[in-house]
1. Looking at (1) over 11 Å from the mean Cα position of the chain (by Cα); (2) at pLDDT 95 or above; (3) of a type in the set (Phe, Trp, Tyr), which is the only condition PHE96 fails?
2. Among the numbered conditions (1) under 10 Å from the mean Cα position of the chain (by Cα); (2) closer than 16 Å to LEU133 by Cβ; (3) within 16 Å of the ligand (Cβ to nearest atom), tell me where ASN67 comes up short.
3. Looking at (1) of a type in the set (Asp, Glu); (2) surrounded by fewer than 16 Cβ atoms within 10 Å (Cβ to Cβ); (3) closer than 28 Å to ALA57 by Cβ; (4) at pLDDT below 95, which one does GLU134 not meet, given that it meets all the others?
4. Are any residues in the range 70-107 among the charged types (D, E, K, R) and more than 15 Å from ILE128 (Cα to Cα), and if so, which ones?
5. May I ask you to list the residues in the range 88-114 that are of a type in the set (A, V, I, L, M), within 18 Å of ASP43 (Cβ to Cβ) and outside any loop (DSSP other than H, G, I, E, B)?
6. LEU80: surrounded by 15 or more Cβ atoms within 10 Å (Cβ to Cβ) and within 15 Å of the ligand (Cβ to nearest atom), yes or no?
Amino acid sequence: PTIELFLIIVLCYLIVDLSECELIQVPDAVYHLMRHTELKTCDLSSNVITKISPKFAVKFSFITDLNLSHNQMARLPDELADLHSLEMLDISHNTFITLPAVVFKMPKLRELKANNNAIIDIDRDEIITSDSLEVVDLRHNPLTPMCHDLLKHAVVSFRIELSEREKEDWEDLTI
Ligand SMILES: *[C@@H]1O[C@H](CO)[C@@H](O)[C@H](O)[C@H]1NC(C)=O
């Protein structure tokens, strides 16, 4: 079915499923169709999206679940801090090199999935703190050993999931 037809069907459930549509960005038609709805769940996973428009937060301000996994995104606009109902954000399987600081500014965010990216380091100039976060999944990222240790011992109110750090050659005494 065409995207429009599909949207009209799913709109009844206040859920948008646009996964696996080969989207490069969110089509304007979607914003247009969404203008009078209080959308709750938005699945944009498994596309080829490289960026989300700053207007996304304005149009989708009621969503609680946003799935952006399996795309090609490396950044999120700061405006997403205005997603004041968002509780679950999945940005796993993308191309993020750092964890975008905006995730710590979403007031209701409880679960952040950022696993399987290219995250090497966390921007330590930004404070990693949150009153709402419960769990941040950072597994399967090429974190620097220093960053890995820092996160492992970080005193934060939420759980940080990390993969086992790979030992560097000099640490492996069996060589
Ligand atoms: C997001 O979508 C992917 C791919 O469809 C799926 O595997 C994953 O479980 C979803 N994430 C959440 C938190 O539901």
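The values are calculated or read from the model by the stated rules, or taken from the named source; none is laboratory data. A quick note: this is a predicted structure, and the numbers were derived from the prediction, not measured. Neighbour counts are summed over all protein chains in view; Cβ atoms, including those assigned to glycine, are modelled from backbone coordinates with ideal geometry.
1. Unmet for PHE96, out of (1) over 11 Å from the mean Cα position of the chain (by Cα); (2) at pLDDT 95 or above; (3) of a type in the set (Phe, Trp, Tyr): (1).
2. (2)
3. Checking GLU134 against (1) of a type in the set (Asp, Glu); (2) surrounded by fewer than 16 Cβ atoms within 10 Å (Cβ to Cβ); (3) closer than 28 Å to ALA57 by Cβ; (4) at pLDDT below 95, the one that fails is (4).
4. Within the range 70-107, ARG75, ASP78, GLU79, ASP82, GLU87, ASP90 meet the criteria.
5. Hits for the range 88-114 are MET88, LEU89, LEU112.
6. Here the answer is no, as LEU80 does not meet what is asked.
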